[in-house]
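First up is the structure itself, then whatever we jot down about it.
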Amino acid sequence: MTKAYEFLKSHKMTAEDVNMKEVVNAFLSEMSKGLAGQESSLLMLPTYIEADGEVKANDPVVAIDAGGTNFRAAKVYFDDNLKLVTENIQKGKMPGVDEELSKAEFFDTLAGYMSDYKKVSDKLGFCFSYAAEIFPNKDGKLLEWSKEIKAPEVIGQMIGKELLAAMGTPEKQLVLMNDTVSTLLAGKAARAIKNYDTYIGFILGTGTNTSYIEANRNITKTDGLNMEGSQIINIESGAFTLAPRTDIDLAFDNTTKNPGRYAFEKMFSGGYFGGLCTEALKTAAKAGVFADPSAFENMEELSTEQVNNYVHGIEAAKSVLPGVFTHESDKLIAAEIIDGLIERAAKLVAANLAAVILQTGKAKSREKPVLMTIEGTTFYKLHNFRTLFENYLNDFLSGENKRYYEIVEVENSSLLGAAIAAIVN
């Protein structure tokens, strides 16, 4: 065994230390409890948005996307051939990223971004990538921030109502949804020519989350639903608490803005993975794994982009860890530790999606797979991540768990899905 492997194994941080069947079963159990309104780390938020609906040609809407770091808006419509057309995309920085804002400052900033769109349409689709309780009128109340957004007064507020008020247009119709819901809808529209058994939306970028289509009869915590119908559920999967966390996971979690919250997200998403790797490297240095352990003492927290560039090409990325490595052997050990954490991340994500696929009860034939629309640079850019993820997922979805899936990536999925929701709902 190499020094890096021995170190990861001693802290139970290898992929081998993740029992995928146990994680899948725990995830399914939390999903079931969340749907029933019982105590669960998975909120299982109803969206009141159906995945089926008729689109209309030349019916423009305003699509909004509030993501991890960016805010975007655009005019979107279907042309005469029912092809999606996106015009006048504008981008700004998500308020609350750099400094703490009051409620008024937060919504005034968003309203400022929207000034050019007031006359475009009376329908707005708002992809809001944070935990919100959605109501039958399709507005939503913010439950908590993730991704280190700093605007505490906004928690508990109705997002759509407050934005429209700040814009001076309270009469407009707004449909609020999570980014995974938008992603699911965008994928369904992009692959409309093929018949899939069901659909899943998954994000792995700054943060992580999952949505899927659930039969209303299984959503027992919500009264008044049409028992013959279905709707998209926002799982808030980044908050899952039953994955096997280690001393290093806990130590890193304690350095974040909200220790104990969104524990799953902090094990692999882009907003946190660099910090987790930093914690692991510093712990390894203290344990004498490196030839020159003192070199890590003053190292600042690395970003996910930095650690990813490093394992993609050690020599090309020397500037990522300036002055740290004085021995060639240490370079290889650091890369192996990071790669080991990437493999563990891939297995955890595979467990997440395997559980959701099994929950649908569908995709049992090759002719009608589940379509998973997946977005996020962490999923597609992290070193060897997708290959490792599919290896673990395919291995698990075999035998009695045999299911079929396809993966699609859709450009501007958050905006397009928000537009579709506004048009058909």
If you find the alpha carbon centre of segment 58-107 and of segment 144-209, how far apart are they in angstrom?
11
Between Thr69 and Thr377, with labels modelled 7 Å along Cα→Cβ, what's the label distance in nm to one decimal, could you check?
0.6
Cα-Cα over 31 Å, subset of Lys118/Lys362; Lys282/Lys381; Lys9/Lys364; Lys21/Lys150:
Lys118/Lys362; Lys9/Lys364; Lys21/Lys150
Interchain or sequence-distant (5+) residues whose placed amide H lies within less than 5 Å of the amide H of Phe78 are Asn58, Asp59, Val85
Which FRET efficiency, nearest 0.05, do Ile193 and Asn58 yield, Cβ-Cβ r, R0 22 Å?
0.55
Reachable aspartates and glutamates from Lys93, criterion Cα separation under 20 angstrom, eight or more residues apart if same chain:
Asp65, Glu105, Asp108, Asp116, Glu144, Glu148, Glu153, Glu162, Asp179, Glu305, Glu375, Glu411
Using modelled amide H (1.01 Å from N, peptide plane; none on Pro or chain starts), what sits under 5 Å from the amide H of Val408, excluding residues fewer than 5 places away?
Met372, Thr373, Ile374
Full-extension gain between Thr255 and Leu332, please, as 0.36 nm times their residue separation minus the C-alpha to C-alpha distance.
25.1 nm
Could you check the simple spin-label distance between Glu406 and Glu16, using points 7 Å along Cα→Cβ, in nm with one decimal?
3.8
Cα gyration tensor of segment 361-425, axes a ≥ b ≥ c as square roots of the eigenvalues: rounded (a/c below 1.5), prolate (a/b > b/c) or oblate?
oblate
Would you mind getting me the FRET efficiency between Lys286 and Asp80? Use the beta-carbon distance for r and R0 = 60 Å, nearest 0.05.
0.40
Using alpha-carbon coordinates, inclination of helix 328-360 to the longest axis of the chain, degrees:
40
Between the Cα axis of helix 273-286 and the main Cα principal axis of the chain, the angle (0 to 90°, nearest 10) is 20
Selected from Ile193, Ile233, Ile155 as most flexible by GNM, with the chain as the system and alpha-carbon contacts under 10 Å:
Ile193
Spacing of the two label points (7 Å from each Cα toward its C-beta) at Ala215 and Glu171, in nm:
4.4
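The numbers here are math on the coordinates, done by the rules we state, and not lab data. In this text, all values refer to a predicted model and were calculated from it rather than measured experimentally. Because the Cβ atoms are built from the backbone with ideal geometry, glycine has one as well, and the counts that use them run over all protein chains shown.
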